[in-house]
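Here the structure is laid out as structure tokens; the discussion comes afterwards.
The values are calculated or read from the model by the stated rules, or taken from the named source; none is laboratory data. From a predicted model like this one, the values you see are computed outputs, not experimental measurements. Note that we place each Cβ from the backbone using ideal geometry, even for glycine, and neighbour counts take in every protein chain shown.
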Amino acid sequence: MNQVKYSELTFQAIVEATPNAIVLVNKEGKIAYANHQTEILFGYDRIELIGRMVEILIPERYHKNHPQFRTMFFSSPETRTMGSGRELYAIRKDRTEFPVEVGLNPLVTVDVTMVLVSIIDISARKKAEERFRLVVESAPNAMILTNKEGKITLINNQTEKLFGYHRNELIGNKLELIIPTRFRGNHPHLRESFFSSPSVRSMGAGRELFALRKDGTEFPVEIGLNPIDTDEGTVVLASVIDITERKRHEAIVTLELKNKELEQFNYIASHDLQEPLRTVSNYIQILEEDFSEELSQEAKNHIRTIQRATSRMSTLIRYLLDFSRLGRDRKLVSIDCNEIVENVIADLNSLIQTTGTKIQVGNLPVINAYETELHQLFQNLINNAIKFRKKDTAPQITIGCENYNEHFEFYITDNGIGISEKHFDRIFQIFQRLNADREFEGYGIGLANCKKIAEMHGGKIWIESELGKGSTFKFSISNFQV
């Protein structure tokens, strides 16, 4: 047996042993050889295929373009997957179609170049993918499938509802599209870390996570990650849950617990603290009225010092009681914030006129809130903007609001003395005063009240400021439904 004949037999034996359907096609598109798996897969005897055009195995709707694809391949033959990015179908002798995956391998000889076509029936895979898609689609949470590069390959209807995108806007895009800007820089590193050791886990354990809707609004989320091994490599299925309501409920529960603690303090302050102060005040009054002539000037000075300290302590206790009573017997009502601010400005009219304050108010929304507390919140912030003004500079105050659907974000900007960044958290703690001198009088209770009021409304309060360049106080109010 000569070497050529031996090589042909060896090639034939290898092709016959291959578990996939193998078809050898020449440049004109005629089938030169088909193995036994091709007979099983397509229902033809190989004698019915050899010499026929390869289009016999292709659905008729693809016949028109197939010769062009074949010409393109033979003009630059190389091993490749056919129809990358497209769904391919083949057709059996009984005219039933089925999905396939096709591999092309050029076979170059001295006389001719042919192509060895490997055909795999992927019907079972497609059914599994469809079952997977249906499971994902029926999930009650937003489900997002991404690959190692962070590209979104599949989402369900809940994802569209949650993020406000149509699925065509998300599929093929990077996951960073739905991540707030401040987190995007670090996300590729976190993704790489996950894929280096993939396992079922919660994302961001111990951290607060936020997602970004199409309209630009952020919301808190809980994310579960599930790695899935596929033929294309490991992908991750992320389950995304909007926990806005949970956070709101937690805030309410926390506030209720705080209120119980404050109620206990309220009782102590009303009885155990105020009673001794009243006793001291009574004795001071007796000394002044009955023994005034017998007291030396030094003794009188000491009595006045005691009186001032007692008066201050009584005032602090009164403020604490007011703080503890915030929100008691509260009820949500529909409020026009424009009217609230107008009333506050009217209440502060004398101070505004005296200081030459100019206040610019934008178009504020109608919201559901606690009226008395909201009035106090605006009054404290506007009053502070006037009080902490620069010397010889008339206060300029701007009041506005942004609507983020889930919540409203109010801002009050001034041109006052400003606050150093290191004090941003401290100023909202009760009885914390940055200006202990008499230039700016107060007890350090106003901003603590503001913080509590914002939290009562399911929101928060914060400051953006630079020393000497004014401040912007911002607070959020959840979009409550009455």
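Couple of notes before you dig in:
- Residue match in region 349-356 (condition: of a type in the set (A, V, I, L, M, F, W, C), in contact with a Phe, Trp or Tyr (Cβ under 6 Å, 6 or more places away or on another chain), assigned by TED's automatic domain parsing to the domain that holds Gln396 and modelled with pLDDT of 90 or more): no
- Across region 103-119, the qualifying residues are those that are surrounded by fewer than 17 Cβ atoms within 10 Å (Cβ to Cβ) and hydrophobic (A, V, I, L, M, F, W, C), and the one among them that is nearest to Thr38 (Cα to Cα) is Leu107.
- Lys64 being assigned to a loop (DSSP other than H, G, I, E, B), in the same structural domain as Met114 (by TED's automatic domain parsing) and in contact with a helix residue (DSSP H, G or I) (Cβ under 6 Å, 6 or more places away or on another chain): no
- So Glu208, is it under 30 Å from Glu402 (Cα atoms) and either surrounded by fewer than 16 Cβ atoms within 10 Å (Cβ to Cβ) or not basic (Lys, Arg) (or both): yes
- Scanning region 49-71 for residues that are charged (D, E, K, R) and in contact (Cβ under 8 Å) with a residue 40 or more places away in the chain yields a count of 1.
- When the test is whether a residue is of a type in the set (A, V, I, L, M, F, W, C), within 29 Å of Tyr404 (Cα to Cα) and buried (at least 19 other Cβ atoms within 10 Å of the Cβ), Ile171 does not pass it.
- Tally, over region 142-167, of residues that are surrounded by 18 or more Cβ atoms within 10 Å (Cβ to Cβ) and among the polar types (S, T, N, Q): 4
- Just one residue in the set Pro188, Pro220 is over 22 Å from Leu162 (Cβ atoms) and at pLDDT 85 or above; that residue is Pro188.
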